[in-house]
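All remarks here apply to the structure that follows.
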Amino acid sequence: MPLRYRYRLYPTKPQRQALARAFGCARVVYNDAVAARRAAYDDGAKYPSSTTLSRQFITEAKRTPERAWLAGVSAIVLQQAVRDCDAAYTRFFDAVKTRGGRFVGHPRFKSRKDNRQAIRLTRNGFSVRDDGRLALARIGDVAVRWSRDLPSPPSSVTVIRDRAGRYFASFVVEVEEQPLPAATNDDGSEAERALDLGLYHFAVDQHGVPIDNPRCLRRAERRLKKAQRAVSRKQRGSRNRAKARQRLARAHARVGDARSAFLHELTTHLVRENQAIYIEDLAVRGLSRGRNAKSVNDAAWGRFRALLEEKAARCGRTVVAVGRFEPTTQRCSVCGGLHGPTDEGARKWTCPGCGSRHDRDTNAARNILALGRRERLNARGADVRPPDPGAVGREAGSVTPA
Ligand SMILES: [Zn+2]
């Protein structure tokens, strides 16, 4: 299975200039390809192939005075830019085809002002030197901090400059699966964890145990808010504003690092301790929540799920994201009635159907557990259906799953 390994890069000043040129050229070729495909899409014309676009926007463009500077960077970088555009369109078309799937917009143009600048190089465009430097075509030998060993020779590398001005190399490597021994409880049963992801706690499990964001992340987030306020107070176009923006970028980077470290640690722990982990499909859930909460948490939750699924696949564990449109918060996990609170504020509630006293998040996690178990059994092709806490409410016709 392919995995990403990321390392910090320390390019010299000339290398940074060469990288800036490469980012710029890759962006221009990518945007030319997007423009050509948008035009074809709007005209209902045939979708131009990567080969056609490569010829038009790389080979032939280099011969024109307007695009002659493309010759200054590695052709591999430019070809990958066309391929990236292709991949973006494949995702777009797939999303259009899948009804009810996550909304994916038309691939957009890239800008010089984007927070993340990147180029991609394939096998023949890079190599690792004996002295540990990373040789990049037309850029040079760049110093790398090898924070961990690469498990196998990488098939491609993406060189990234983030908004804080840091450089990274992200390698795609093929990794062998490493199944872990079965995770069991003290009584010998399979260890399982169901998580209700939330805003107050990062998550709460079926036993009511909360998982919180670590203090260092909360502190970094507070600093980020301060840095944001500082920028808005400074006069536009002033030197002080530019400085405040730099500080803001660094604060953003620190929040990203802290969150990433937390999510890595958490997912590793969850996968090691549990045979199956059940979560909620978040694509729809995000829509039901407030605007501001959505943007911040969707990113973290999306990354959490991706890391969890990646590690689980590698270790022979199961992750089930239970279906959309399941009212996990409103349904009583004891009697199955749809009696729960509809407003996000109420943390505790008593079910009028059966009199059970519930913590909102724990109750949701228990519903996720039941739904996840059922989906997992169905996926295995088992005939047996475990008791479904939701069956009562559904038979009564109170909810029609889409
Ligand atoms: Zn009840």
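Could you give the angle, 0 to 90 degrees to the nearest 10, between helix 360-380's Cα long axis and the longest principal axis of the Cα atoms of the chain?
Compared with the principal axis, the helix lies near 80 degrees.
Not counting ligands, DNA or RNA, and with a 1.4 Å probe, what is Ser127's accessible surface area in Å² rounded to the nearest 10?
Near enough 50 Å² of accessible area.
What list of ³J(HN,Hα) values in whole Hz, one per residue of the range 330-340 in order, does the Karplus curve 6.51 cos²θ - 1.76 cosθ + 1.60 (θ = phi - 60°) give from phi, with Gly and Pro shown as x?
7, 7, 6, 6, 8, 9, x, x, 8, 10, x
Any idea of Glu280's accessible area? Nearest 10 Å², probe 1.4 Å.
The value for Glu280 is about 20 Å².
What part of the accessible area of the range 14-84, given as a whole %, is carbon or sulfur when the probe is 1.4 angstrom?
52 percent
Starting from 0 in steps of 10 Å, tell me what percent of the Cα-Cα pairs of the range 131-171 lands in each bin.
23, 61, 16
Please state the shape class of the range 105-185: rounded when a/c is under 1.5, otherwise prolate if a/b exceeds b/c and oblate if not, all from the C-alpha gyration tensor. Numbers along the way, then the final one.
On the way: a/c = 2.10, a/b = 1.32, b/c = 1.59.
Note, shape of the range 105-185 comes out oblate.
Counting other Cβ atoms within 10 Å of each Cβ, which trypsin sites (Lys or Arg not before Pro) in the range 135-197 have at most 12 and sit in a DSSP loop?
Hits after loop and neighbour filter: Arg148.
Would you calculate a helix-derived [θ] at 222 nm for the chain, using -39,500 (n - 2.57) for each DSSP H run of n ≥ 4 and dividing by the full residue count, to the nearest 500?
Rounded to the nearest 500, it is -14000 deg cm²/dmol.
Out of the total accessible area of the range 120-166 (probe 1.4 Å, heavy atoms of protein only), what percent is carbon and sulfur?
41 percent
For Lys62, give me every one of the aspartates and glutamates with a C-alpha distance below 16 angstrom, ignoring sequence neighbours fewer than eight places off in its own chain.
Asp32
Would you list Lys243, Lys62 from the most to the least accessible area, probe 1.4 Å?
Details: Lys243 110, Lys62 65 Å².
Per-residue accessible area, sorted high to low, gives Lys243, Lys62.
If you roll a 1.4 Å probe over the heavy atoms of the protein chains, what accessible area per residue do you get for the range 46-195, in Å²?
Ligands and nucleic acids excluded, the figure is 60 Å² per residue.
Given the options Gly44, Ala313, Gln178, identify the residue whose Cα lies farthest towards the positive end of the charge dipole of the chain (+1 on Cβ of Lys, Arg; -1 on Cβ of Asp, Glu).
Gly44
Sequence neighbours fewer than 8 away in the same chain don't count; with that in mind, list the aspartates and glutamates whose C-alpha is under 12 Å from Lys113.
Asp162
Quick one: Karplus J couplings for the range 25-33, per residue in order, coefficients 6.51, -1.76, 1.60, θ = phi - 60°, nearest Hz, x for Gly and Pro?
Per-residue couplings from phi come out as 5, 4, 5, 4, 5, 4, 5, 4, 5 Hz.
The values are calculated or read from the model by the stated rules, or taken from the named source; none is laboratory data. What you are looking at is a predicted structure, and each value in this text was computed from that prediction instead of being measured. Positions of Cβ are backbone-derived with ideal geometry, glycine not excepted, and every protein chain shown enters the neighbour counts. In case anyone asks, the SASA skips ligands and DNA or RNA and just uses the protein heavy atoms, side chains included. Shrake-Rupley method; radii C 1.70, N 1.55, O 1.52, S 1.80 Å.
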